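Presented below is the structure to which this report refers.
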Amino acid sequence: MGIDRIKNAFASRTGKHVLVGGVAGSSCVVVAGALSGTAIPWAMSAYGAVLPGMGTMHTSAAAGGIAANLQWLNAGLLTSKAIATGGVIGACVKPVLSNIRGFARNNFLTT
């Protein structure tokens, strides 16, 4: 019964695109934040010397602070504000992309 109510609430195609875009945008932000968090130990060990109790001493200036940037991404992307922003961007972009795809399909890809 609950699923039918949700489906009926978004009966229009645009409403469904907004819902799907919002969920996809939020999910992408969460996945990017989680992946950046899992890559931090790899970047620390690959581009520096790990000192127990101290952290990482970066031996190469060419590393460019990769581990620090990954830490910044992990901390920034896993906040409610970032997730909500990703959802709003996804909700705005998905209907536009769907309309462009439909226009191209109807006008250029017909046989």
Fewest-first ranking of Lys94, Lys81, using other Cβ atoms within 10 Å as the exposure measure: Lys81, Lys94
Size descriptor, Kirkwood hydrodynamic radius, that averages inverse alpha-carbon separations across the stretch 28-108, Å: 15.2 Å
Sorted by Cβ density within 10 Å, fewest first, the residues Leu97, Leu19, Leu77: Leu97, Leu19, Leu77
For the stretch 97-103, 3J(HN,Hα) per residue [Karplus equation, 6.51 cos²θ - 1.76 cosθ + 1.60, θ = phi - 60°, Hz, x = Gly/Pro]: 5, 5, 5, 5, 4, x, 4
Mean separation of Cα contacts under 8 Å, 6 or more apart, over the residue count of the stretch 28-108: relative contact order %: 35 percent
Debye-sum result for the stretch 68-111 in log10 I(q)/I(0), which assumes one identical scatterer on each alpha carbon, at q = 0.22, 0.27 Å⁻¹: -0.74, -0.87
Likely footprinting exposure, Phe108, Phe103, fewest C-beta neighbours within 10 Å first: Phe108, Phe103
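None of the figures in this text is laboratory data; all of them are computed from the coordinates on show. Everything quoted here is computed from the prediction, not taken from an experiment. Please note: Cβ atoms are built from the backbone with ideal geometry, for glycine as well, and neighbour counts cover all protein chains shown.
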